[in-house]
Structure formats: structure tokens, C-alpha cells
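The values are calculated or read from the model by the stated rules, or taken from the named source; none is laboratory data. Quick caveat: nothing in here was measured; it's all calculated off a predicted structure. Cβ atoms come from the backbone with ideal geometry, glycine included; neighbour counts cover every protein chain shown.
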Amino acid sequence: MLLGRTANGLYWMNRYIERAENMARLVDAGLRMALTRTQSASEEWNSVLLSAGSDVAFSQKYQDYTAANVSDFLLRDTSNPSSTMSSIETARNNARMVRTALTRETWESINEAWMSLKRMLARPIDERDLPTVLDAIKRETALIRGSFYGTMLRNEIFDFSQLGTYVERADNTARILDVKYYVLLPSLSWVGSTLDNYQWESILRSVSAHRSYRWVYEADYKPTNIADYLILNVRMPRSLTFCYRFLGEHLKFLADDYGERHACHGTAERTQAMLKRGSIKDIFDHGLHEFLAEFIRDNTRLGDEIAQDYRFY
Amino acid sequence: MAAFDEMLPEVSGLRRPYEAYDRWLKEQDPARLTEKMQDAERVFRKTGITFAVYGEQEASERLIPFDIVPRILSGQEWRRLTQGIEQRVQALNAFLDDIYHRQEILRAGRVPKDLVAKNEAFLPEMIGVRPPAGVYTHIIGVDIVRISENEFYVLEDNARTPSGVSYMLENRETMMQLFPELFQKIKVRPVENYPQLLRQSLAAVRPQSTKGAPTIAVLTPGSYNSAYFEHAFLADQMGVQLVEGQDLRVVDGHVAMRTTEGYKQIDVLYRRVDDAFLDPLTFRPDSALGVPGIMDVYRAGNITIANAPGTGIADDKAIYSYMPEIVEFYTGRKAILGNIPTWRCSEPDSLKYVLEHIHELVIKEVHGSGGYGMLVGPAATKKECQEFAKKLQAKPSNYIAQPTLALSTCPILTEKGLSPRHVDLRPYVLVSDRIQIVPGGLTRVALKEGSLVVNSSQGGGTKDTWVLDD
């Protein structure tokens, strides 16, 4: 038996852990782009902010789209509720609230991540230290994930946690694609320009897939392959299909455990079926942007339905 | 006057309960001990055993300092204490039952009527209500001080929601992690089964109407409460749900919690929320921490609330001074554990004495707790004493006074080696169809040299408390 409030806490704890890490990944990709393409750096930082869903809030605070401003805003600014620091803080508050549902190892890893990031992000980051900070964030979240997978019982507590992780991750991947969808559209010249190549690599880098892409599709970056990898590939751990495979699985565990299906099951299954049916060509024919916008909307609805069906509030 | 040291009294040399420990300690490398001390702090911080200090925003999460030298009691000392505690706890429950029913003790004139009737801790809503199994205060912490080899006194009864038991358990856990070899050498009675005993004890006082195994839950004000760690810890160790007011509502005459599968009935609620916040329909209407209507369910006998509402009347500081009479009235015997002599400032003669001797006395607010709002005469400046005297004269009935006792000391480990500090002791008592006292308790220690204030909110620390199996 699980309290609705506890399920809610687990769900959001994991959404925010995922988000804390995604912010670091986005800044990492932006940093790489800015280093290689100094002329359009501010444009790149703007895309990073768009992907993070933080462009409006940023523009209210800053005029210049520089590495220092953007990384400060996305990593350590506590007035930005999605920054890594805010996210890890929210994740920890949720973890504290659901403490009795977590193993000691999981709680300690979250608590220690919070303590060490709080220390590290207390002062503005020197640009030279940025790579070290980004590594530290990824390492801390990896430690949380490790203790979580290594010690938690595979029960409803685990299911609600995973739902949070995959709803957040699917949203993040879809947004990254949507911000850059135009660089993936078929262009007149079938060989990508150098500019395109950088853009494509940046997309892959922001989901930490720039190396694994080559294992699957060999050397060349092709926009259809990149879209295929991030949307339809079953084995790529940040693809939309991958996220929905696990969302479907954990929702099914819950339905079996409780002996009851809800609206959220239908929603997840519809998205899953759509991803299974479609080829990347269909998606491009339908319109990549339209596809992604619909996906993001449905994914948000799934989150709302989960909250309602399982009495989070 | 030098205080009685429990390890090394000046007159008699090393006391027997500490012999084995002292032998072990002398074999230890001081550098290693210092290292262990730091290990202990790391363990506590990592596991998040923190408490919030009110009014200190920056450091909103603090550790209660832990000292690695244990406080040791012999089996014989403990047996004597438990007899006194059992008698006292029986009297507390009998007093509560009487006060909310026939009020014999008031009729007999042993306790002044006004002291009860006009007391904020007395809940008229509880008149005529008999809690399941007839138990009012299920979990009690009795604060005990020692001043010599054979003199123990009760400083305070905590009959509402005594806290600190998680520190008793974590202190032992930490000591066993740091010094496993010590526990092989010395036979210390275990405290680890407290959560199981608590669970059994709560299950035993379930409502009569409960079918099958009762559903138990711990009610917390939430994760921002200073004792949240303890609430979560106890729920976890007992294997029961940790609930907040927002999770609960009254469904079909029972209190139920909102789960992912709908509402589920609760039979026993171990609440860590104060009376005033328990039910906005009965008590404070602005409370969001409680459950609207829970008092109706309670009066219908469909839920056990532990501790029962209204138990505060038994541990009120004004009532405290009558405890010797109360114990004798209900048990028919003299109190085994004495009170500290107490002047009730509401009585003119006492007030006169207190004002004349203010620099020698400890003066406490009747309803205060946590060491706030008190004056320690000998440690206060002349000006502080004068200002306090004004407050005292303005509202004498708000205060009691006690002599500053030479509380016993027990050494702590400092950079310069062992150094004596004042301690008190809070054993935990569970009441159901029987009374159980876990052999041990929470030893609080004033870390500042010479200080008598052991409260964690005022810079006190804790020690592991050993009862020897001898």
C-alpha cells in the first residue's frame, strides 16, 4: 500500500533528478557549440535555453547570451526553478518527504549529491571550471541512479519513480529535437554543410549520444538517421520509443498489481502504438515539428492523468 | 560545590560501572579517538539525522553534537529507576482518567481545582471520553537528573509527544559501528527493539471494533518540522505509513488515508502533532495539520490516538509540583522517585522567597519547553535577574522556581582529553496493557563547561546510554 502523496513525491523526485542532469547535458552541448562556432554563439545559447524551457525567464534577467550567463542561469540560479541546483534541491525535498519509501543507500546518495552540489554551486562558476562542474553533476546523478537501481525493491514504489524519470526524459528529448527540428529537414544539398554537421552533433551531444550514434549508423551524420535514433530507436536509452516502452511496462505492472486500469494506460498505449507503427519517413511526411508538438502535448497529458488516476493530490 | 561525576567522583575514584570501559579507553590511541569522533559526525550528516533550529534560517539543518564517551548505568541502578518510573507512569494515567471523569483528586483537595480548570492544557472536550484500552499517555519520556550516588530526581514528565528516541537508537547504532570491539567486551542491554515494542504496544491499544490486524500510522506535521527525521525514522522502523493531515479524512465514521488505490482505514494513529492542531473542527480552526472530524471518530471509539488529546495536563509544570501527592493518591505509596523541590510562584510566600533568592534559583515558565524563557540565576547577570524579576512580579502564576542542583557530570572527549559535563537522562516508557521501559534512554549533555542547560536547541549534545547486563 502506498500513499498518493508518497507516489507523487517519488514521481517528482525522479523527474527532478532527471532534470538536474539534463540541464548539465544541455549546457555541455551548448558549450561545445560555442567553442567551435564562436560567431553564432549567442544563437546557440538561445537554443539551449529554448530546449530547457527557460528562455523567457532568462531574458527577463539577462541581455547577453553568453556561456557565463546561461550556465549560471541553468546550473546554479535558485530563482530558476529548473536549474540544476533548484532541481536537486526539489528532488531532495521530495526524497525527504518520501524518506520511508527509499532505501538508506538511495536517500544517502540524494542527500550527498545535494550537499556536494550545494557546496560546488555556492559561488559563480569560473569558465575554466565549467567542464569539471558538469562532470560532477553527471557523476552525482549517476550515483543516485546506481544506488536506486541497485537497492530498491521492484514494487509500486519503483514503478512510480520510473514513471517520473521517463516522462521527464521523453519531454526533454522531444524538446531538444523540436528546437532544432529545422536543421534536420531535408535540404536541397543532400550532403550536409559543415554548419549542419556541427548542429547535428550538438543535438546528439545534448542527449549524450554522439558516440553511440556511430556504433549504430556508422560514421556519417544524416538528419533522418539522427531523428530515427532519437525518436524510434528501441535501444537508445533517451529515445522517445525507449521511454515509452518503459512507461508502458511500469504502468502495466501497476495495473496488474492493483487489478485496475485507468485513463493513463490508454494514453500511454496510444503513444506507444503510434511510435511502433510509424517510420521516420512517415514522421517527416507528417511534419517533424507537428509530430513533436503533438508528442509533447500527449506526454504532458500522460503526466496529468497519472497524477489523477493514482490520487497524487 | 563540585558536582558528582558518574565516572570519576573525586572522593572515591573510578566508579564500578565504568571500570571495564575505562580499561578499554586507556588502551586507545587518542588520535584514533579523535578520528572516530569525526567519523561519527560524518555518519550523522550523511544519513540526514538533523534537526531544525527555530529562528536560524541559514543553518536550518543542524546536527545534534554526539559525544563518543558512553553514559553507563549498572543493572542495579537501572532496576531502581524503573521501579520509580513505573509507579510514576501508572499515576500519570490514573490522574488523567480521574481528571477527565470523576475528578476525585480535586474533590479530595489534593490538587487545587483552578490549577486544572483554568489550565490551557486541560481539554474540556475530553471530559467523559474513555480512550481505547483506557490508556491516555502511551509514550512517555521521564527526564531524570542525578545529584549523588543515590539521589535521583524527576526533573520533568513528558506525557504529550516526547521526542528524541530516534537519537537513542542512532547513537547506539553509531557506537556499534565505531567501536564494535567494545560491545564484545562489555555486556550492554540492547535498545534496538524499541520500534518493535512501540508497534506491539500501539497494536495492543487498538479500538475494540478493529477487525484483524490494526492499521497503524504515524502522523507528522510535515518535512519542515524540527523532529521530522524522527517521525520518518519511527514509521520506517515500525513498517507503518508516515502520514500528514492532507493524506487523511473521515470516511464512513473512520479515519482513512488516501492511497494510490483509494481510501484505507486507519485504526491507530501515533500522532506527533500537538492537540491544538489535531482537529480544526474541534480545536484551532486554522489548522491544516490535522484531520477535520477526527475527534468525532475518537469519541465514537473508532480510532486510537496516541498519546490521547489532553494529556498535557499531566506534564504541565504547575501540576509537576503536585506529583508526589498525585503518586501517593493513586498508588497508595510514597513516590519512589522524588521531585525537585519546587516553589510555585502563584503562592505569595513562595514568590517572596523566590524574589529574594533569584540569583540562586532556576526559574521556568509553567508552559515553556525546550529551555526557552527560563532564567538560570547563578549564571545570569544582575541586570538579567532584575529584568526577570519584573516579569515574575507581573504574572507570578506563570512561573515556578527550583534550586540549581549540582547535576551529576559525565566526561566528554575534548581536544584536551576527558572533561566533565553536566548530564540528564530521558528513559522512554511504553504503556499498553503493560508498562515497558527500554533499558537505556537519551542522555543529554551540556557541552559548554559548567553549563546546566542540556537542551539540544541551546547547544546541548547527546551520548549513548548503556545499561549494563550485570
Within segment B:460-470, can you find the residues that are surrounded by 15 or more Cβ atoms within 10 Å (Cβ to Cβ) and either under 15 Å from B:ARG421 (Cβ atoms) or touching a Ser or Thr at 6+ places or on another chain (Cβ under 9 Å) (or both)? B:GLY460, B:GLY461, B:THR462, B:LYS463, B:ASP464, B:THR465, B:VAL467, B:LEU468
Identify, from the list A:GLU112, A:GLU21, the residue that is within 30 Å of B:VAL43 (Cα to Cα), touching a helix residue (DSSP H, G or I) at 6+ places or on another chain (Cβ under 7 Å) and surrounded by fewer than 19 Cβ atoms within 10 Å (Cβ to Cβ). A:GLU112
Starting from segment B:398-410, keep only residues that are without any contact (Cβ under 8 Å) to a residue 60 or more places away in the chain, then list their pairs with residues that are aromatic (Phe, Trp, Tyr) whose Cβ atoms are within a distance under 8 Å, requiring at least 6 positions of separation or different chains. B:ALA401/B:TRP343
Residue that is closer than 26 Å to A:ILE203 by Cβ, outside any loop (DSSP other than H, G, I, E, B) and among the charged types (D, E, K, R), where the choices are A:ARG96, A:ARG139: A:ARG139
Which of (1) surrounded by 18 or more Cβ atoms within 10 Å (Cβ to Cβ); (2) closer than 27 Å to A:GLU156 by Cα; (3) polar (S, T, N, Q) does B:GLN246 not meet, given it meets every other one? (1)
Condition met for A:THR90 (part of a helix (DSSP H, G or I), within 14 Å of chain B (Cβ to nearest Cβ), surrounded by fewer than 24 Cβ atoms within 10 Å (Cβ to Cβ) and in contact with a Phe, Trp or Tyr (Cβ under 6 Å, 6 or more places away or on another chain)): yes
Any residue in segment A:138-161 that is closer than 24 Å to A:ARG25 by Cα and at pLDDT 95 or above sitting within a Cβ distance under 7 Å of a residue that is crowded, with 20+ Cβ neighbours inside 10 Å and of a type in the set (Val, Ile, Thr)? List the pairs, counting only those 6 or more apart or interchain. A:THR141/A:ILE17; A:ILE144/A:ILE17; A:ILE144/A:ILE110; A:SER147/A:THR106; A:PHE148/A:THR106
For segment B:219-227, indicate whether the set of residues that are at pLDDT below 95 and either crowded, with 22+ Cβ neighbours inside 10 Å or of a type in the set (A, V, I, L, M) (or both) is non-empty. yes
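Just for helices (runs of 4 or more DSSP H) wholly inside segment B:201-300: which have at least 1 residues that are touching a residue at least 12 places away in the same chain (Cβ under 8 Å), within 14 Å of chain A (Cβ to nearest Cβ) and of a type in the set (Gly, Ala, Ser)?
B:228-238
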State whether the residues of segment B:196-210 include one that is among the charged types (D, E, K, R), more than 30 Å from B:ARG16 (Cα to Cα) and surrounded by fewer than 14 Cβ atoms within 10 Å (Cβ to Cβ). no
Identify, by number, the condition in (1) away from chain A (no Cβ under 13 Å); (2) touching a residue at least 40 places away in the same chain (Cβ under 8 Å); (3) among the aliphatic types (A, V, I, L, M) that B:MET176 doesn't meet. (2)
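Between A:SER47, A:SER42, A:SER51, which is surrounded by fewer than 19 Cβ atoms within 10 Å (Cβ to Cβ), assigned to a helix (DSSP H, G or I), modelled with pLDDT under 95 and away from chain B (no Cβ under 14 Å)?
Numbers: A:SER47 fails: surrounded by fewer than 19 Cβ atoms within 10 Å (Cβ to Cβ); A:SER51 fails: surrounded by fewer than 19 Cβ atoms within 10 Å (Cβ to Cβ).
Going through A:SER47, A:SER42, A:SER51 in turn, just one is surrounded by fewer than 19 Cβ atoms within 10 Å (Cβ to Cβ), assigned to a helix (DSSP H, G or I), modelled with pLDDT under 95 and away from chain B (no Cβ under 14 Å): A:SER42.
Please go through segment B:279-321 and give me each residue that is aromatic (Phe, Trp, Tyr) and at pLDDT 95 or above, ordered by number.
Matches in segment B:279-321: B:TYR298 only.
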Kindly indicate whether any position in segment B:51-59 is loosely packed, with under 15 Cβ neighbours inside 10 Å, at pLDDT below 85 and touching a helix residue (DSSP H, G or I) at 6+ places or on another chain (Cβ under 8 Å). yes
Would you confirm whether any residue within segment A:5-15 is away from chain B (no Cβ under 14 Å) and not basic (Lys, Arg)? yes
B:ALA308 vs. criteria buried (at least 18 other Cβ atoms within 10 Å of the Cβ), part of a loop (DSSP other than H, G, I, E, B) and not hydroxyl-bearing (Ser, Thr, Tyr): yes
Can you pull out the residues in segment B:9-21 that are surrounded by fewer than 17 Cβ atoms within 10 Å (Cβ to Cβ) and either of a type in the set (Asp, Glu) or in a loop (DSSP other than H, G, I, E, B) (or both)? B:GLU10, B:VAL11, B:SER12, B:GLY13, B:LEU14, B:GLU19
Selected residue [buried (at least 16 other Cβ atoms within 10 Å of the Cβ), more than 9 Å from chain B (Cβ to nearest Cβ) and either over 24 Å from the mean Cα position of the chain (by Cα) or within 22 Å of B:GLY239 (Cα to Cα) (or both)] from A:THR106, A:THR100: A:THR106
